[in-house]
Amino acid sequence: METGNDERTILSSNPARRALLSLLIVYSAIQNGMYGEPRAFVPGVLLTLAALCLQWRPRWFTRQGPAPAFAVCALLGISSIGVMLGLGGSLYIIVFFLLGWVSYRLPASYSASYTVLNIAAAAWILLAQHRTLEAVMTQCLILAAVYLLFLAGRLRRTTRTMKETHLQELTSAHQELEAAYRSLRQAHEELEETSEQALRYAVLEERSRIAADIHDSIGHGLTSVIVQLQALPYMIEAAPDEARSTLRQVTDVARGCLQDVRTVVHEMGLVRPGEGQKELRKLTDTFSERSGIPVAFTMDIPGTIAPEQLYVLYRILQEALTNMMRHAQATQAEVRLIGNKESLVLTIRDNGVAQGPIQPGFGLTTMRERCAKAGGRLTFTPLAPHGLEITASLPFSAATPNNRGE
């Protein structure tokens, strides 16, 4: 509810103004004692004290709401009008002070009612004294004009206060927008920096993938070529027909390596065995034919595996067979692929020379990384008395009609 209380008004915002108004009120009392009727002196002093209380302790009267303050001011205002016009006192300053106090501190409806009461009291007293109508109108117009002046001052001050408040709000909003802009700019710079780092990481990851592909595919083929070429001189002397067959196999492997190089360099993509699950068996058969190491392959899985998982399994099997040919000195091996609706497990086991803890090189590390990226796990377990078992576990993902590998 509007109360009209404004500590920044002309009546109370400045101690110097308070002191000046207090001096004017005291001067009004002195003037009333000097020039007014003697009977108006005591009421004038009491009204002066009441006005000083209103000036220096306004909250005593307004803390209970505008209605009690209006009642007190109406009593004081009518009394001051009565003393000034009825008893011959000189209290114009107090009358105007009360009018201004009510105009600034009480709601407009209360201040207007107060002014009407003052005008009515003045008119009644003057008409009772048989004053002329012109004198009555003059006194009433003076009171109305003073009230309008105070009301205009209050409206101007209220407007200025609203402008200051709006300016403060706009300033605060501007500062918040500047802070938000700085935050957005910083976030944009951080995003650009992150994008650059992500791009660098993507480039490094692509390089690592290409290196892994070259190692898995071309390295596997070249290892087979080297092994067969090393055996070729002995085969030429012992079995020329078998040597010619081996030479054709070496040529085929070299052509396959060339095709792998072209795929990696030109496509820069994932080389996925498009023949699906049959490619795993084909890989073991080709390995056995080239290396002379018999590999028993068994597979028991539900449905068809997604190409992404087939690719991971293919690369792991390819790297495991390559390592077996290079380092294991195995005479036989076993590959098993079993699975259910939740997981796939690929096990590669040989009877090679592996013993004790396994120190993963680039190939085994690449196998482990491929498996981890697919959400799986890769383990290396030495066998007794000798040999190695590699186990790759992946979450099962069935192929959809749009991504079947077969």
Within the stretch 362-380, the count of residues that are under 14 Å from A328 (Cβ atoms) and surrounded by fewer than 17 Cβ atoms within 10 Å (Cβ to Cβ) comes to 0
Taking the criterion of being modelled with pLDDT of 80 or more, under 60 Å from the mean Cα position of the chain (by Cα) and among the β-branched types (V, I, T), would at least one residue in the stretch 87-97 satisfy it? no
Output yes when any residue across the stretch 351-367 is under 20 Å from L280 (Cα atoms), touching a strand residue (DSSP E or B) at 6+ places or on another chain (Cβ under 9 Å) and at pLDDT 85 or above, and no when none is. no
Could you pull out the residue among A328, A333, A320 that is in contact (Cβ under 8 Å) with a residue 60 or more places away in the chain, buried (at least 22 other Cβ atoms within 10 Å of the Cβ) and not basic (K, R)? A320
So if I check each of S111, S80, which one is of a type in the set (G, A, S), surrounded by 10 or more Cβ atoms within 10 Å (Cβ to Cβ) and more than 29 Å from M34 (Cα to Cα)? S111
If G33 passes every condition in (1) touching a residue at least 40 places away in the same chain (Cβ under 8 Å); (2) more than 60 Å from the chain's Cα centre (by Cα) but one, which one does it miss? (1)
Determine whether the stretch 72-82 contains at least one residue that is among the aliphatic types (A, V, I, L, M), modelled with pLDDT under 85 and assigned by TED's automatic domain parsing to the domain that holds Y114. no
Has the stretch 166-179 got at least one residue that is in the same structural domain as V83 (by TED's automatic domain parsing) and in contact with a helix residue (DSSP H, G or I) (Cβ under 7 Å, 6 or more places away or on another chain)? no
Residue ranges of helices (runs of 4 or more DSSP H) in the stretch 4-114 with at least 3 members not aromatic (F, W, Y): 15-35, 41-56, 66-81, 92-105
Out of the residues in the stretch 276-300 that are crowded, with 16+ Cβ neighbours inside 10 Å and aliphatic (A, V, I, L, M), state the one that is nearest to V345 (Cα to Cα). L280
So is A135 part of a helix (DSSP H, G or I), surrounded by fewer than 22 Cβ atoms within 10 Å (Cβ to Cβ) and at pLDDT 85 or above or not? yes
Hey, could you check the stretch 284-329 for residues that are assigned to a helix (DSSP H, G or I) and of a type in the set (V, I, T) and say which is nearest to L247 (Cα to Cα)? T286
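The values are calculated or read from the model by the stated rules, or taken from the named source; none is laboratory data. Since the model is a prediction, treat every value here as computed from it, not as a measurement. Ideal geometry is used to build each Cβ from the backbone, glycine not excepted, and the neighbour counts take in all protein chains shown.
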